[in-house]
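Asker: Please see the structure below; I have some questions.
The values are calculated or read from the model by the stated rules, or taken from the named source; none is laboratory data. Values in this document were obtained by computation on a predicted structure and should not be read as measured data. Cβ: placed from backbone, ideal geometry, glycine included. Neighbour counts: every protein chain shown. SASA here: full protein model, heavy atoms, side chains in, ligands and nucleic acids out. Shrake-Rupley method; radii C 1.70, N 1.55, O 1.52, S 1.80 Å.
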Amino acid sequence: MRISLKEAGTLLQEAQNIVITAHVNPDGDAIGSSLGVMHYLHDLGKRVRVIIDDDILSNFSFLNACDIIEKPRIAENGEKESIDLLLVLDTNIERVGKVADAFLPAQILNIDHHVTNDLSCPAVYLDPDSAATAEIIYQLLREMNAEITKDIAMAVYTGLATDTGFFRFPNTTPFTMRAAADLLERGAEPGIISEAVEAKPFARVVGMAKAVEATELFFDGRIAGIFLDQHSTEALDSTEGLIDALRVIEGTDVSLLLKWKEENVFRVSMRSKKTNVSKVAVSFSGGGHERAAGCTLKMSFSEAKRTILEALEKAMEK
Ligand SMILES: [Mn+2]
């Protein structure tokens, strides 16, 4: 059921023992939003933990309390721990991994900005017009008259900045910029944040350059794609940011990254300037936003490549 921002705030205020979680493969928005709310609830004297079923990139360790993020632990007898509230951020509950099995929450509150959220949680605040979940968190904190400390400002700004490509993507609105300006006034340090978030090991920079060299163009150059089979995927320690290197190619609408995940399973990420790639992602049971979406294809490498290109060309013809 969809609820208002005020109702979401009431659920947070009423709970004492709270677990915050976000999607696996957590990005700056998932981590920044989680830590932002965590600091606020902690300042109110509540018992609050952040539990995410994945590794946290060291790029985010500059954020205060990033080191308190835990992984879920399932009790040996399978018993779930009772808590007042499970706060699910930046995804619906489908993508939180084992966190869903570890707890028995009296209430689940889902806050998200993905247009593909299926509203399956009992209480959902969904705003697909928000640039980031962090932007909703900012609104929520203002709604609750929260004191926005430097720790909160750093975390929430990180979410805003990373989901908007540092305020360049078309999801950036006047409200996003005003929120960011306000967070700067409350202590967020944009230079420190961008430097930390964008830092990459030398080997990754060189590996990415090699991957970019293998970029292929399709459909009169309107699609630019990198296709990584098992060998090429394993040669890279991360593909973070790789797809963004293709966005700048002149005449390209859709940038595409296909990478190996496991035997006959490939992960597809798409970014676009015009085409609604969330529709393409949803047609393969994925999700995301109109201009940034992803899905998983269970088939051979060559089949996956052909399948996603055909779907994209069809979507672009309209
Ligand atoms: Mn997000």
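Asker: Using the Cα centre of the chain as the reference point, and only Cβ charges (+1 on K/R, -1 on D/E), how large is the resulting charge dipole? Debye, rounded to the nearest 20.
Answerer: Roughly 500 debye for the chain.
Asker: Compare Val277, Val205, Val19 in a GNM of the chain, Cα atoms joined below 10 Å, and give the one with the largest fluctuation.
Answerer: Taking springs between Cα atoms under 10 Å, the residue moving most is Val205.
Asker: Which aspartates and glutamates have a Cα lying under 12 Å from the Cα of Lys298, excluding residues fewer than 8 positions away in the same chain?
Answerer: Within reach: Glu262, Glu263.
Asker: Give me the angle, in degrees from 0 to 90, between the Cα long axis of helix 150-163 and the longest principal axis of the Cα atoms of the chain, rounded to the nearest 10.
Answerer: Once rounded, one gets 30 degrees.
Asker: Here's something else I'd like to know. Which residue fluctuates most in the GNM of the chain (Cα springs below 10 Å): Ala203, Ala146, Ala224?
Answerer: Ala203
Asker: Accessible area, 1.4 Å probe, largest first: how do Lys46, Lys298 sort? Intermediate results must be reported in sequence, preceding the final value.
Answerer: Numbers: Lys46 20, Lys298 160 Å².
Highest to lowest solvent-accessible surface, that is Lys298, Lys46.
Asker: How much of Leu309 can a 1.4 Å solvent probe reach, expressed as accessible area in Å² and rounded to 10?
Answerer: Its heavy atoms expose roughly 20 Å² to the probe.
Asker: While we're here: Using heavy-atom solvent-accessible surface (probe 1.4 Å) with all chains present, what is the largest-first order of Asp90, Asp163, Asp229?
Answerer: Asp229, Asp163, Asp90
Asker: With +1 on the Cβ of every Lys and Arg and -1 on the Cβ of every Asp and Glu, and nothing else charged, how large is the dipole of region 202-317 about its Cα centre, in debye rounded to the nearest 20?
Answerer: Dipole of region 202-317, to the nearest 20 debye: 300 debye.
Asker: Just to be sure I understand: with springs between alpha-carbon atoms less than 10 Å apart, which residue in Ser278, Ser232, Ser269 has the highest mean-square fluctuation in the Gaussian network model of the chain?
Answerer: Answer for the Gaussian network model of the chain: Ser232.
Asker: Follow-up. How far apart, in nanometres, would the label points at Phe218 and Glu303 be if each is projected 7 angstrom from Cα along the Cα-to-Cβ direction?
Answerer: The modelled label-to-label distance comes out at 1.6 nm.
Asker: So how tilted is helix 202-213 from the main axis of the chain? Cα-based, degrees 0 to 90, rounded to 10.
Answerer: Tilt of helix 202-213: around 40 degrees.
Asker: Taking amide H atoms as placed 1.01 Å from N in the peptide plane, list the residues 5 or more away in sequence, or in a different chain, whose amide H sits under 5 Å from that of Ile83.
Answerer: Correct list: Leu104, Ala106.
Asker: Relative to the longest principal axis of the C-alpha atoms of the chain, give the angle of the C-alpha long axis of helix 5-14, reported between 0 and 90° and rounded to the nearest 10°.
Answerer: 50
Asker: Less than 24 Å apart at the alpha-carbon level, and either on another chain or at least 8 residues along: which lysines does that give for Lys46?
Answerer: Hits, sequence-local ones excluded: Lys6, Lys71, Lys80, Lys98, Lys150.
Asker: Moving to a separate point now. Specify whether the C-alpha gyration tensor of region 1-121 places it in the rounded, prolate or oblate class, a ≥ b ≥ c being the square roots of the eigenvalues: rounded for a/c under 1.5, otherwise prolate if a/b is larger than b/c and oblate if not.
Answerer: Taking the square roots of the gyration eigenvalues as a ≥ b ≥ c, region 1-121 is rounded.
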